[in-house]
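Heads up: the structure comes next, in structure tokens.
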There are 4 protein chains.
Amino acid sequence: MKKINVAVLGATGSVGQKFIELLADHPWFEIAEVAASERSAGKKYKDAVNWIMQSSLSDRIGNMVVKPCDTSLDSKICFSALDASVAGEIESDLAKAGYYVISNARNHRFDEDVPLMIPEVNYEHLDLVKTQKSKGFIITNPNCSTIGMVMALKPLNDKFGIEAVNVVTMQAISGAGYPGISSMDILENVVPFIGGEEAKMESEPLKILGKLENGGITNTHFKISAQCNRVPVIDGHTECVQVKFKNKPSKDDILKAFNEFTSEVQRLKLPSAPAKPIYYFAEDKFPQPKIHRNLDKGMAVSVGRLRKDNLFDYKFVVLSHNTVRGAAGGTILIAELLKEKGYFGNI
Amino acid sequence: MKKINVAVLGATGSVGQKFIELLADHPWFEIAEVAASERSAGKKYKDAVNWIMQSSLSDRIGNMVVKPCDTSLDSKICFSALDASVAGEIESDLAKAGYYVISNARNHRFDEDVPLMIPEVNYEHLDLVKTQKSKGFIITNPNCSTIGMVMALKPLNDKFGIEAVNVVTMQAISGAGYPGISSMDILENVVPFIGGEEAKMESEPLKILGKLENGGITNTHFKISAQCNRVPVIDGHTECVQVKFKNKPSKDDILKAFNEFTSEVQRLKLPSAPAKPIYYFAEDKFPQPKIHRNLDKGMAVSVGRLRKDNLFDYKFVVLSHNTVRGAAGGTILIAELLKEKGYFGNI
Amino acid sequence: MKKINVAVLGATGSVGQKFIELLADHPWFEIAEVAASERSAGKKYKDAVNWIMQSSLSDRIGNMVVKPCDTSLDSKICFSALDASVAGEIESDLAKAGYYVISNARNHRFDEDVPLMIPEVNYEHLDLVKTQKSKGFIITNPNCSTIGMVMALKPLNDKFGIEAVNVVTMQAISGAGYPGISSMDILENVVPFIGGEEAKMESEPLKILGKLENGGITNTHFKISAQCNRVPVIDGHTECVQVKFKNKPSKDDILKAFNEFTSEVQRLKLPSAPAKPIYYFAEDKFPQPKIHRNLDKGMAVSVGRLRKDNLFDYKFVVLSHNTVRGAAGGTILIAELLKEKGYFGNI
Amino acid sequence: MKKINVAVLGATGSVGQKFIELLADHPWFEIAEVAASERSAGKKYKDAVNWIMQSSLSDRIGNMVVKPCDTSLDSKICFSALDASVAGEIESDLAKAGYYVISNARNHRFDEDVPLMIPEVNYEHLDLVKTQKSKGFIITNPNCSTIGMVMALKPLNDKFGIEAVNVVTMQAISGAGYPGISSMDILENVVPFIGGEEAKMESEPLKILGKLENGGITNTHFKISAQCNRVPVIDGHTECVQVKFKNKPSKDDILKAFNEFTSEVQRLKLPSAPAKPIYYFAEDKFPQPKIHRNLDKGMAVSVGRLRKDNLFDYKFVVLSHNTVRGAAGGTILIAELLKEKGYFGNI
């Protein structure tokens, strides 16, 4: 099978670099173009980027000339790691011109005709793209802190009906990009604030867990409260989650729901799909970011410490890799699903 | 004024060392004896201890011969930093023999006749010691993670009546003592479990905020849920707190309650009392352990991020120094209050 | 090819765990037995170990019953991760009884008939085992901080003749085992002392770079000074090295020596051999432990910052993974070489 | 005594903030003006600064209007924390106009008529200012990593004559200012490069230890080699130093030299002078940045691990607080000395 050419937009930033790292040996997609801001366009990628990934930058990518983020791109499939300050317009323009944009930016997440997609959770929302009035389309990946939590909530909501969710996060520094957070601010410290993060966690799950009906998404409705903290961890968001259910499950019911959870992307054995979406760990001290973030190449979600709660019904801890599952990896998985389901036409 | 001789029990451990550090220049108390386990007894303190404080160990203390923790001690006032594995019996024996034991250990916290004391919160519980059937008495300091939270809750409970409290903590490594947590476990990591900690936070506040009546404490009753995490911070516990009230306050009502909160120990200007029990910071990014833990010599509690909550009424962040306010410093403040109120008799 | 059964001695410690992790999918060797102290013997491995590796412990190994470290072991090839307090005698006894012991312990490193082996550096020392008066033999792996440095020195010594070496290390916490260093001691700190480490670095290179002649090793002789520090890094020792040469090379001569360096284990393409022993990085800020420690599965050495020196001739920075290249991985590479060269007889 | 008005130039940066923190309760100087770049000038200081000190910003300073760094300043004594990109010209202009500029910037350090001053080491160089052809003068503070080392070398050079110095540093992140180093670059990592730092350490000591004669400084001459690393420590530079002497001392000779070392600023009991310039610690594991950086309010230098060396004569470890002793505190001490010695005229 010939590989499909793809472009990475915002290729010099930390999420862009992660796209390039994860796509390095992808069985289906091949990076044919890297695009970035005008400041970088025209330079060799290796000269434009401050490469911060652990793996080495390949000569093939390093020597690519950075292109502008516009319709001069040849690749019809674009992974967008653009900054929110510019992503909105660029992504719209590309979609109008027939490009398929799978985006990690927040700008179009709440557009009525744009799916907010976690493949394991709401892949049936894909059809929403058919309502887009563009030759191409835009699909968005949720916020990194939303993804882990919603993957853990999905099987519980399906079986027991969620009434309320409370979450407190301890988020890794890589979530802030590069250079991101000053070492003076976070070494041996906690910062109890991440701009805009709590609002995202309180709104995105309701669309993701909503229903596609009558050509649009009907949000689900339960209350969410989120508190977001930054901690001195490199990768991996840890989240303390409490849930209230409509139909009261036993602890074993919940463990069964976690363990049996699987989805279309597992059945299709998509290249980036984790073997299991959720791994439950019985040891009290687990999950931990340093130990579990790379499970199934960083695409699985780790859960532990399930126990009864005095105020809600149950509480537990969720851990997921914020730049893989929560950003570049999750976005690539969406593209794999689109490909497999024929959304890319005869590319 | 001649200083009062005191002994430190469990003097070689990290809390014991903190007692010695904080009492170094105390205007009222003078360390006359250091006591520890049989393994250390008989040695010079400087040879028995692995001194880990930042300040230097004085020659006077360093050259003291470590005594056993028994009634051979001359000082009638004992600060106990004993390990829970031995504190129960030793403290009881000393109290029976007429010693005044102010303890940081958990063993006697829920004895019916033992006050669980935060001077700013429940100093009227002191009289409970009169019900103890010993020549001396035992008074206990709550758990480090409880103290900061309850100090912040006290003015709110007084004015608006608390119905429920939810708390998620991010606790410093010094709370585990020395050597405590392996660096292999916590560097660049989060451990979402601290043995026994959640149960303490869910029970201690109800006694502390209870009422002394008919010679005993009638606990208050509201529901608490606690989730406790260890993070790579040296000192200072950060806590995300959510509260539901009986009488719904405005945000300004709460800020006023925080800012106006004061207590007997402030009025008495006790040596270790913070100028204000609570400092509220309006900046979104505050409070932070690295910046605020040493406020008023580590005895004040810092609060920030007060905002409406979707599930409870309000949420906010509390920060306090776990080994000062939450351990040795808080215990010394109890002793100062006891002295000032005449509980030590004519020592 | 049927895999060869091997045993891991000291299997519950952190180096033992690293052996188990690295041998999990080894193409030649299969862990048939795990052995440890009497305290663990008889238990299932999963119950005896506090597993701290990032990868999961397999059920196959987890359910093995831990054996004692004695001649009841069936596997003739033993990887020793024993603590130095017991390794000396156990390893001798096993060798006498016909076992082939490849050891990471320091005890036998300076025995006259025991090779101190870095396969890329002194594989011709293997024959020294023929002088051992045992049915089996012992081969030792050098200290973790020695290995990276000596690999970088080897091509320089061969071509230019070394006269003096000065080294200052910044070593990772994993080098101290588990629990090893208290987080209270190393978080946001440097400890300028590692017991015994400097003496190892000042003596081991002279034997490793020595010559096998007349049935023994004639040490090389140049002066070495080592200063060893512990820093808050999880894995990867960084070393600032200065060298004085007999035959003065140009900077390009040295770069060429680094880049062209290869050895028998590369020619044999042994499973654990790095593609190249040394990678030189031209960027000023490289090498760094977080970025380069996993190069070639942690078996390559990274070098950078080569520049003229005011006191010696040149200085540069060396980085290597201390628990892979510097311990378990290096030891496995020795075993692969032994196998390939026929030292295991007809096992 | 009425306090002397001073201005802080570059007041919004991290060194500027440290000046403000250290001068908060200074017995002789009072901050009358804060000055910064045009971007900040005209704003209230509290609105222009991102205050990152642990102590609170006082209302008095916070409400000051930031002034431009020019001759509109009323205070004749200026502490300069200016960035090197602008310090050169601004400081020259101010000196010409009659201001006394005590600078932490590197620009004028090697001007022939500008003292490079560590009060304990070369206070007799003060007279060099008389050769400046300005109404005022400029005096400079050396680089942070130079200061600790040279203070430790001074008594040794005086008594035994230094022939060569080798140093490898492990430097704190605060040395890079704010935001300075990205947390992504330094958390759980070492960066073996600090731009320009090695050249400073190899040149500054020769001027500082030089002799004022014939109206100029005659540099001392011995060879220095420096290698500079950044480590995840907040404050405090740790340095591994090796020294070769002309007159070979015993270990006791050196310890005596360290312990007896004192200087004019100690004799004068200047407010910022440490009680002793050097504290020697006999424990192998000392000095450590987390434990010793604040000794004598951060103004003392800690030394330990003195031992014979295979290549030089002796090696030892030096630790000093880089933003106090190595920057703002050292600069203030210079000003105190100038005041006491009458260099400020009748201000």
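Can you work out the accessible area per residue across segment A:187-275, with the rest of the protein chains kept in place, probe 1.4 Å, in square angstrom? Can you show the working numbers first?
On the way: 3400 Å² over 89 residues.
Per residue, segment A:187-275 has 38 Å² of solvent-accessible surface.
Choose one answer from A:283, A:30, A:197: the residue with the largest mean-square fluctuation in a GNM of chain A with alpha-carbon springs under 10 Å.
For chain A, modelled as a Gaussian network with Cα springs under 10 Å, the answer is A:283.
Once each part is reduced to its C-alpha centroid, what is the distance from segment A:1-78 to segment D:10-57 in angstrom?
44 Å
Could you work out, for segment C:39-154, what percent of all Cα-Cα pairs fall into each 5 Å distance bin, beginning at 0 Å and stopping at the bin that holds the largest distance?
Here the calculated profile for segment C:39-154 is 2, 11, 18, 19, 18, 14, 11, 6, 1.
Between residue B:282 and the same site in the other copies, what are the distances in nm, shortest first, taking label points 7 Å from Cα along the C-beta direction?
Copy-to-copy label distances for residue B:282: 5.4, 5.5, 5.6 nm.
In whole angstrom, and with the biggest value first, how far do the Cα coordinates of the protein assembly as shown range along each principal axis?
That gives 86, 81, 71 Å along the principal axes, largest extent first.
Using 0.36 nm per residue, how much length does the chain from residue C:32 to residue C:89 gain when fully extended, once their Cα-Cα distance is taken away?
Working: separation 57, 0.36 × 57 = 20.52 nm, distance 2.27 nm.
Value of the extension gain: 18.3 nm.
Under a Cβ-only charge scheme (Lys and Arg +1, Asp and Glu -1), can you give me the dipole magnitude of the protein assembly as shown about the Cα centre, in debye to the nearest 20? Spell out each step's value before the answer.
On the way: 168 positive and 164 negative charges, 0 e Å.
Approximately 0 debye in magnitude.
Give me the Debye-computed log₁₀ of I(q)/I(0) at q = 0.16, 0.20, 0.22, 0.26 Å⁻¹ for segment B:302-347, equal point scatterers on Cα only, no solvent, two decimals.
Debye intensities relative to I(0), on a log10 scale: -0.63, -0.73, -0.77, -0.87.
Hey, how many Å between the Cα centroid of segment D:211-287 and the Cα centroid of segment B:304-347?
With segment D:211-287 and segment B:304-347 each reduced to a Cα centre, they are spaced 44 Å.
Could you state how much accessible area is buried at the B-D interface, both sides summed, with a 1.4 Å probe, in Å² to the nearest 100?
Working: alone 15290 and 15280 Å², together 29510 Å².
Counting protein atoms only, the buried area is about 1100 Å².
If we hang a label 7 Å off Cα along the beta carbon direction at residue A:346, how far is it from the matching labels on the other copies, in nm, shortest first?
6.6, 9.9, 10.8
What does the extension gain come out to for residue B:135 and residue B:310, with contour length at 0.36 nm per residue minus their alpha carbon separation?
Numbers: separation 175, 0.36 × 175 = 63.00 nm, distance 5.21 nm.
The residue B:135-residue B:310 span can extend by a further 57.8 nm.
Give me the percent of the accessible area of segment B:144-321 that comes from carbon and sulfur atoms, probe 1.4 Å, all protein chains in place. Please report the intermediate quantities before stating the final value.
On the way: 2740 of 5640 Å².
Of the solvent-accessible surface of segment B:144-321, carbon and sulfur hold 49 percent.
Only four residue types carry charge here, +1 at the Cβ of Lys and Arg and -1 at the Cβ of Asp and Glu. Report the dipole size of chain A about the Cα centre in Debye, rounded to the nearest 20. Walk me through the numbers on the way to the answer.
Working: 42 positive and 41 negative charges, 109 e Å.
The calculated dipole for chain A is roughly 520 debye.
If you bin every alpha carbon distance in chain D into 20 Å steps from zero, what whole percent lands in each bin?
In order of increasing distance, the bins hold 32, 59, 9 percent.
Please list the radius of gyration and Dmax for segment C:144-321, considering alpha-carbon atoms only, with Å as the unit.
Cα only, segment C:144-321: 16.2, 51 Å (Rg, Dmax).
Got the relative contact order for segment C:144-321 handy, in percent, Cα pairs under 8 Å and 6 or more residues apart? Mind showing how you got there, number by number?
On the way: 351 pairs, mean separation 48.2, N = 178.
Relative contact order, segment C:144-321: 27 percent.
Can you tell which of D:300, D:164, D:35 shows the greatest fluctuation in a Gaussian network model of chain D with Cα springs below 10 Å?
Judging by the Gaussian network model, the answer is D:164.
Can you pull the one-decimal nm distance between simple spin-label points at residue D:255 and residue A:112, each 7 Å off the Cα toward Cβ?
8.4 nm
In this model, which of C:44/C:297; B:154/B:315; C:130/C:276; C:246/C:315; C:207/C:244 are farther than 23 Å apart at the alpha-carbon? Can you show the working numbers first?
Details: C:44/C:297 29 Å; B:154/B:315 15 Å; C:130/C:276 30 Å; C:246/C:315 15 Å; C:207/C:244 19 Å.
Beyond 23 Å: C:44/C:297; C:130/C:276.
Straight-line reach from residue A:43: which lysines have Cα under 21 Å away, leaving out those fewer than 8 places along the same chain?
Cα-Cα hits under 21 Å: A:18, A:67.
Which residue in B is nearest the B/D rotation axis when you measure from the C-beta atom, and what is the distance in Å?
B:188, 2
In peptide A:163-172, what is the residue-averaged number of other protein chain Cβ atoms found within 10 Å of each Cβ?
Working: counts 0, 2, 2, 11, 1, 11, 2, 8, 1, 5.
Taking all residues of A:163-172 together, the mean is 4.
Restricting to Cα pairs below 8 Å that are 6+ residues apart, what does the relative contact order work out to for chain C? Please round to a whole percent.
Once normalised by length, the contact order is 16 percent.
Which of the listed residues, D:42, D:29, D:13, is farthest toward the dipole's positive end in chain D, when Lys, Arg count +1 and Asp, Glu count -1 at the beta-carbon?
Positive-most Cα among the choices belongs to D:29.
Order of C:5-12, A:210-217, D:156-163 by packing, highest average Cβ count within 10 Å first? Working shown, then result.
Numbers: C:5-12: 25.9, A:210-217: 13.5, D:156-163: 18.2.
Listed from highest to lowest mean packing, they are C:5-12, D:156-163, A:210-217.
Take every DSSP beta bridge with both residues inside the protein assembly as shown and express the antiparallel ones as a percent of the total, to the nearest 5. Walk me through the numbers on the way to the answer.
Numbers: 102 of 234 bridges.
Restricted to the protein assembly as shown, the bridges split so that about 45 percent are antiparallel.
Got a number for the accessible area of residue C:246? Probe 1.4 Å, square angstrom, nearest 10.
For residue C:246, solvent-accessible area is about 120 Å².
Using a Förster distance of 51 Å, how high is the FRET efficiency between residue C:219 and residue A:59, based on the Cβ-Cβ distance and rounded to 0.05?
0.75
Quick one: with label points 7 Å out along Cα→Cβ, list the inter-copy distances for residue D:267 in nm, shortest first?
5.7, 7.2, 9.0
The values are calculated or read from the model by the stated rules, or taken from the named source; none is laboratory data. Just so it is clear, the model here is predicted, and its values are computed rather than measured. Note that each Cβ is placed from the backbone with ideal geometry, even for glycine, and that neighbours are counted across all protein chains shown. The area values use the complete protein model at the heavy-atom level, side chains included, leaving out ligands, DNA and RNA. Shrake-Rupley method; radii C 1.70, N 1.55, O 1.52, S 1.80 Å.
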